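A quick write-up on the structure given underneath.
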Amino acid sequence: MSIKRKTFAIISHPDAGKTTLTEQLLFESGAINIAGSIKAKKTQRHATSDWMEMEKQRGISVTTSVMQFTFQNSILNLLDTPGHADFSEDTYRTLTAVDSAIMVIDAAKGVEPRTKKLFEICCQRKIPVVTFINKIDRNGLEPLDLLDNIEKNLNISAIPKNWPIGTGRLFLGLIGEHECPCSPDQAQYQLANSDFELAKSLSNAIDQEYLDGASTPVFFGSALKKIGITDLLTYLSQTAPSPSVASTKTRTVSADEEKLTGFIFKIQANMNPKHRDRLAFMRICSGTFRKGMQVTQVRTGKKTNLNQAVLFLSSERSLTDSAQSGDILGIYNHGGIQIGDTFTEGEPLEFIGIPSFAPEIFRIITIKNPLKQKNLQKGLTELAEEGAIQVFRPLAYQSTLIGAVGHLQFDVVAHRLLYEYQVDCQFQQASSQSVRWLDSECDNALEAIQSQYPTHLARDSFGRLVYLVPNMAHLRLMQEKFPDLYFHQTRE
Ligand code: G4P
């Protein structure tokens with residue numbers, strides 16, 4: 001029988017402890033021997049602001065963007081969500097390829113803005129979330145206050161699965177972890193236990209609620225001090241959802257179907273600028289991957305042999321145990337693969353639910369040499385195809401707007417345009433805060449907004465009509481004024 005996969009991501013605000021936790025999960029499962037290797041790479045990456053340097057280290061980030069390890073008869077696939085400066089749409093999109101997530105919260109800070117944003121995407125996608133409240137070895141908020149903070153900020157019930165006996169310097173151990181160093185007679189234990197019982201009694205502690213996204217199980221711990229890691233891993237390997245079904249335009253695909261199907265959720269480009277090679281990350285939704293097998297890229301109808309595919313396997317697995325539903329495959333290519341593309345061994349299906357997310361930072365792009373206009377257009381088209389940035393062309397004036405969710409994306413675009421397309425570009429501030437993709441059953445509404453507000457509209461690189469949001473108040477007014485229009489936050 002095949003081993004079930006648990007494919008998950010870790011979401012957090014910078015500095016909450018995602019890297020440290022990742023490392024401890026790998027260490028606890030035996031996948032790495034020395035804690036500190038990932039951390040060292042991360043420090044290296046941050047030590048340089050020079051994109052060329054980061055580029056050289058791409059090899060590292062590719063191999064760590066999917067980490068597979070085994071724990072208690074489960075195979076876990078941990079997909080990295082880029083954070084800090086390299087936060088980008090990839091971070092959001094990785095959440096389309098996982099079945100669950102761990103949310104790391106700093107015990108001294110509670111829910112922070114980026115955690116909230118990423119949690120909202122998990123909610124939209126109905127991805128169950130387990131919470132790890134990190135840094136209980138330091139003085140932080142009271143455990144009951146932390147649960148309250150999660151419930152109020154995220155509108156989800158928080159169900160404790162363990163409980164700290166004291167925090168910071170007074171921390172004695174965890175109730176719930178198999179080896180509690182504290183005797184049940186001690187006053188601190190009794191105090192903590194009564195809070196634990198109270199918190200549990202306020203919630204309906206059933207795992208089905210977690211799987212339905214109505215509650216989040218909460219584990220207290222410390223990634224740095226290796227506290228609470230086993231509890232978290234055990235819960236993940238036993239209770240987190242395995243791949244089940246995925247929706248396509250025509251039907252749902254069950255994870256145990258025989259024929260291989262999968263979709264592309266991320267493209268890592270430019271491993272070698274001279275060759276323009278790209279690595280497309282495919283989440284397998286059904287079937288089993290065999291090296292050299294023939295699949296069809298449904299959008300183009302092109303048949304491909306998967307000879308140039310890389311598997312992200314844990315070191316423990318035997319060679320015969322190939323990739324299957326829930327696993328990630330890396331496909332080397334020279335372009336022609338887009339985010340959202342479906343590959344199948346059988347009938348032509350098209351997976352849905354791999355959207356583009358509305359950018360949050362905008363710049364107007366200009367070039368120094370007007371003769372390079374054609375190169376610019378080609379470069380932007382290809383970069384948009386990869387999902388590296390989004391491109392918008394305003395209806396009312398001649399300019400090109402670039403949208404991103406992380407600042408580093410602009411540096412990457414400038415660098416790649418120069419080295420791959422020989423275009424020297426500059427960016428100017430743009431006033432948009434966001435975009436909404438417009439759509440309506442009523443053609444009149446679409447015509448009306450185009451004739452009345454042309455200066456607020458643009459087309460994306462796929463020709464879709466978008467409204468450039470100058471501020472949220474303006475958006476609300478437009479929604480009131482055009483009740484027949486849909487203002488979508490994502491584009492399929
Ligand atoms: P991130 O990936 O979410 O950005 O966070 P990261 O793991 O890098 O952790 C951010 C900082 O928090 C690091 O300290 C890390 O050592 C610390 N940290 C993580 N988990 C715990 C914990 O359980 N307890 C305590 N006390 N600290 C924790 P730093 O000083 O920024 O880095 P470093 O010098 O330790 O490498």
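Could you list the trypsin sites (Lys or Arg not before Pro) in region 78-164 that lie in coil according to DSSP, counting only those with at most 12 other Cβ atoms within 10 Å of their Cβ?
Passing both the DSSP loop test and the Cβ count: LYS126.
In straight Cα distance, which aspartates and glutamates are under 18 Å from LYS126, not counting same-chain residues fewer than 8 positions off?
Correct list for LYS126: ASP99, GLU151, ASP207, GLU209, ASP212, GLU492.
Leaving out ligands, DNA and RNA but keeping every protein chain, what accessible area does SER451 have, in Å² rounded to the nearest 10, with a 1.4 Å probe?
Only protein atoms counted, so the area is about 90 Å².
Could you tally the net charge around SER215, taking each other residue with its Cβ under 10 Å from the Cβ of SER215, Lys/Arg +1 and Asp/Glu -1?
Surrounding charge for SER215 is -4.
Using a 1.4 angstrom probe with every protein chain in place, what is the largest-first accessible-area order of TYR419, TYR486? Mind showing how you got there, number by number?
Numbers: TYR419 135, TYR486 100 Å².
Ranked list, largest accessible area first: TYR419, TYR486.
Give the calculated FRET efficiency between ARG114 and ASP443 to the nearest 0.05, with a Förster radius of 56 Å applied to their Cβ-Cβ distance.
0.90
I need the calculated FRET efficiency for the pair ARG393 and SER194, taking r as the beta carbon distance and R₀ as 51 Å, to the nearest 0.05. Spell out each step's value before the answer.
Details: r = 62 Å, r/R0 = 1.22.
Efficiency for this residue pair is about 0.25.
Name the residues of region 414-437 whose amide N is less than 18 Å from a point 7 angstrom out from the Cα of THR455 along the C-beta direction?
Residues passing the 18 Å test: 429-434.
Rounded to the nearest 10 Å², what accessible area does GLU345 have for a 1.4 Å probe in the complete protein model?
GLU345 exposes around 60 Å² with every protein chain in place.
What net charge do the residues around SER461 carry, taking every other residue with its C-beta under 13 Å from that of SER461, with Lys and Arg at +1 and Asp and Glu at -1?
Summing Lys and Arg as +1 and Asp and Glu as -1 gives +1.
Which distance in nm do the two modelled labels at TYR332 and LYS303 give, with both placed 7 Å along the Cα-to-Cβ direction?
2.3 nm
Under a Cβ-Cβ cut-off of 12 Å, what is the net charge of the residues other than GLN294 that fall near it, where Lys and Arg count +1 and Asp and Glu count -1?
Value of the local net charge: +4.
Over 22 Å between C-alpha atoms is what I'm after, so list which of LYS266/LYS368; LYS152/LYS200; LYS116/LYS249; LYS116/LYS481; LYS18/LYS117; LYS109/LYS226 land there.
Going by Cα-Cα distance, LYS266/LYS368; LYS116/LYS249; LYS116/LYS481 fall outside the 22 Å limit.
Could you check what % of the DSSP bridge pairs in the chain are antiparallel, to the nearest 5?
Around 75 percent of the beta bridges assigned by DSSP in the chain are antiparallel ones.
Could you sort SER29, SER244 by accessible area so the largest value comes first, with the probe set to 1.4 Å? Walk me through the intermediate numbers first.
Details: SER29 20, SER244 75 Å².
Descending order: SER244, SER29.
Loop only by DSSP, 10 or fewer other Cβ within 10 Å of the Cβ. Give me the trypsin sites (Lys or Arg not before Pro) in region 376-450 that pass, ordered by residue number.
none
The values are calculated or read from the model by the stated rules, or taken from the named source; none is laboratory data. None of these values were measured; they are calculated from a predicted model. FYI the Cβ positions are ideal-geometry reconstructions off the backbone, even for glycines, and counts take in every protein chain you see. The accessibility values were calculated without ligands, DNA or RNA, using every heavy atom of the protein model including side chains. Shrake-Rupley method; radii C 1.70, N 1.55, O 1.52, S 1.80 Å.
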